[in-house]
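Before any comments, here is the structure.
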Amino acid sequence: MKITKVEALILRPGDIENIADSTQDAALIRIETDEGIVGFGEADASPSVVKAIVESPRSHMLSTGLREVLIGEDPFRIQYLWDRMYQASTFYGRRGAVLMAMSGIDIALYDLVGKALGVPAHQLLGGARHYQVRAYASTLMPDTPEEAREEASRLVDEGFTAIKFGWGPFGLDLDRDVELVAAVRDEVGDGIDILLDIGFTWKNHIIAARQIDRIAEYNPYLIEEPLPPDDLVSYAKLREISQVPIAFGEENTTRHEFVEIFERRAADIVQPDVTRCGGLTEMARIAALAEHYAVPCIPHAWSTGIVQAASLHVNAILKEPVFLEYSVRTNPLNQELVVDGVDVAGGMAQVPMGPGLGIEIDEDAIQRMTVQV
């Protein structure tokens with residue numbers, strides 16, 4: 001079997017708002033073979049940037065677009081192809097957007113090979129340790145306490161036992177931050193876990209520590225990204241004094257960055273994103289490191305049903321999975337691209353058992369939402 005076609009498609013069903021919601025557009029990777037088997041992946045980064053990284057022609061041996069590395073290759077050689085892409089993009093890659101583009105390709109290869117063999121992706125990663133994982137509903141924090149109450153109540157009624165509220169107005173008014181968290185806790189009571197994603201808007205570790213002291217009484221399960229992602233010195237200081245576990249990692253790529261996080265003791269919980277950190281291949285390496293350093297790993301997953309499924313396959317191989325992040329955003333990319341996706345009921349997600357990612361992609365939806373740039 002040989003790879004014959006690699007596409008990076010930009011999906012954009014509508015106008016883009018200037019809000020922290022990456023379900024508004026998507027970079028879809030589609031890989032075809034000479035035997036007609038197709039694999040799908042996703043890179044959760046700027047779709048136009050991903051498309052350029054995939055489709056750029058060769059400049060020289062260490063500066064080559066990723067598609068050129070893959071055409072004619074055997075898709076079963078997943079780790080070999082990962083290494084080839086990493087080497088071929090050395091001059092302009094090694095981290096950041098290139099690894100995000102590689103992530104989408106790597107996920108598509110696992111989907112393709114799983115389909116060819118008739119096995120789920122988690123079997124290619126060593127086999128499932130778990131077949132269901134607790135899911136938390138993930139949504140943006142509304143602007144007012146009243147709206148936050150309504151959203152929390154709705155999600156509890158849908159059966160979720162854990163909810164994450166993120167970004168939105170966090171950081172704009174420190175007193176309002178506390179009011180929003182208090183309103184959610186008051187609405188759901190003590191039996192529901194609340195996760196808070198601050199979107200690195202608390203500026204520095206002193207402000208973050210004071211804010212955490214103020215909201216600790218509402219018993220958040222974790223505080224996600226209170227500080228900018230590169231400020232590991234401040235993260236380590238904050239983690240030492242925080243009453244609430246500190247989590248981050250969705251912006252980080254490759255095991256090399258996560259080793260630094262672990263060695264600096266900067267996080268209580270790490271949150272690598274399979275569509276950003278280097279795909280399923282690198283995600284498995286990061287998860288193994290997290291286990292070695294005794295740091296819980298809760299994969300970040302915020303975009304389409306593709307990242308949800310890929311993250312669930314990762315959760316399946318973890319020794320002690322904690323949560324699947326399950327976006328409840330109501331828009332076409334999150335609701336229409338995947339027609340037979342992750343099954344969540346009673347707050348639990350069932351690990352896909354079908355071949356590859358174990359989901360069905362709506363080709364009509366791809367045609368409908370693809371834009372040319």
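In this structure, does Glu320 turn out to be acidic (Asp, Glu), assigned to a loop (DSSP other than H, G, I, E, B) and over 17 Å from Ala45 (Cα atoms)? It is true that Glu320 is acidic (Asp, Glu), assigned to a loop (DSSP other than H, G, I, E, B) and over 17 Å from Ala45 (Cα atoms).
The residue that is farthest from Glu32 (Cα to Cα), among those in region 112-156 that are of a type in the set (D, E, K, R), outside any strand (DSSP E or B) and in contact with a Gly (Cβ under 7 Å, 6 or more places away or on another chain), is Asp143. Within region 348-364, the set of residues being touching a residue at least 40 places away in the same chain (Cβ under 8 Å), out of contact with any Phe, Trp or Tyr (no Cβ under 9 Å at 6 or more places or on another chain) and either surrounded by 21 or more Cβ atoms within 10 Å (Cβ to Cβ) or not in a strand (DSSP E or B) (or both) comprises Pro352, Gly354, Pro355, Gly358.
When you scan region 293-315, do you find a residue that is at positive phi and modelled with pLDDT of 95 or more, even just one? So far as region 293-315 goes, yes, one or more of its residues are at positive phi and modelled with pLDDT of 95 or more. For Ala182, are the conditions met, namely being more than 15 Å from Lys164 (Cα to Cα) and surrounded by fewer than 20 Cβ atoms within 10 Å (Cβ to Cβ)? The answer is no for Ala182. Examine region 346-369 for a residue that is out of contact with any Leu (no Cβ under 6 Å at 6 or more places or on another chain), among the basic types (Lys, Arg) and at pLDDT below 90, and state whether such a residue exists. So far as region 346-369 goes, no, none of its residues is out of contact with any Leu (no Cβ under 6 Å at 6 or more places or on another chain), among the basic types (Lys, Arg) and at pLDDT below 90. Of the strands (runs of 3 or more DSSP E) lying entirely inside region 161-267, the ones with 1 or more residues being in contact with a Pro (Cβ under 6 Å, 6 or more places away or on another chain) and farther than 23 Å from Met100 by Cβ are found at 193-197, 222-224. Taken together, the residues in region 286-312 that are surrounded by 24 or more Cβ atoms within 10 Å (Cβ to Cβ), in contact with a helix residue (DSSP H, G or I) (Cβ under 6 Å, 6 or more places away or on another chain) and over 23 Å from Pro47 (Cβ atoms) amount to 2. Ala266 passes every criterion in (1) more than 19 Å from Gly126 (Cα to Cα); (2) in contact (Cβ under 8 Å) with a residue 40 or more places away in the chain; (3) among the small types (Gly, Ala, Ser) apart from (2). Arg185 fulfils the conditions (1) closer than 22 Å to Glu217 by Cα; (2) out of contact with any helix residue (DSSP H, G or I) (no Cβ under 8 Å at 6 or more places or on another chain); (3) charged (D, E, K, R); (4) touching a residue at least 12 places away in the same chain (Cβ under 8 Å) except for a single criterion, (2). Residue check: Leu333 meets all listed conditions (1) surrounded by 17 or more Cβ atoms within 10 Å (Cβ to Cβ); (2) without any contact (Cβ under 8 Å) to a residue 12 or more places away in the chain but one, namely (2). Does region 3-15 include one or more residues that are among the small types (Gly, Ala, Ser) and under 24 Å from Ile359 (Cβ atoms)? Yes, region 3-15 contains at least one residue that is among the small types (Gly, Ala, Ser) and under 24 Å from Ile359 (Cβ atoms).
Among the conditions (1) buried (at least 16 other Cβ atoms within 10 Å of the Cβ); (2) out of contact with any strand residue (DSSP E or B) (no Cβ under 6 Å at 6 or more places or on another chain), Pro220 misses just one, which is (2). Pairs linking a residue in region 2-14 that is surrounded by fewer than 21 Cβ atoms within 10 Å (Cβ to Cβ) to a residue that is among the small types (Gly, Ala, Ser), with Cβ atoms under 7 Å and 6 or more positions apart or on different chains, are Lys2/Gly72; Ile10/Ala27; Ile10/Ser48. The C-beta contact set for region 126-147 (first residue within 18 Å of Val351 (Cβ to Cβ), second residue crowded, with 19+ Cβ neighbours inside 10 Å and polar (S, T, N, Q), distance under 8 angstrom, 6+ apart or interchain) comprises His130/Asn315; Val133/Asn315. Restricting Ala309, Ala284 to those that are under 16 Å from Ala26 (Cβ atoms), in contact (Cβ under 8 Å) with a residue 12 or more places away in the chain, in contact with a Leu (Cβ under 6 Å, 6 or more places away or on another chain) and aliphatic (A, V, I, L, M) reduces the list to Ala309. Checked against (1) under 24 Å from Leu140 (Cβ atoms); (2) under 23 Å from the mean Cα position of the chain (by Cα), Leu232 passes all but condition (1). In region 134-157, the condition of being closer than 22 Å to Thr304 by Cα, in the same structural domain as Gly356 (by TED's automatic domain parsing), modelled with pLDDT of 95 or more and acidic (Asp, Glu) is met by at least one residue.
The values are calculated or read from the model by the stated rules, or taken from the named source; none is laboratory data. The structure presented is a predicted model; accordingly, all values stated were derived computationally and were not measured. Every residue, glycine as well, gets a Cβ built from its backbone with ideal geometry; the counts of neighbours run over all protein chains shown.
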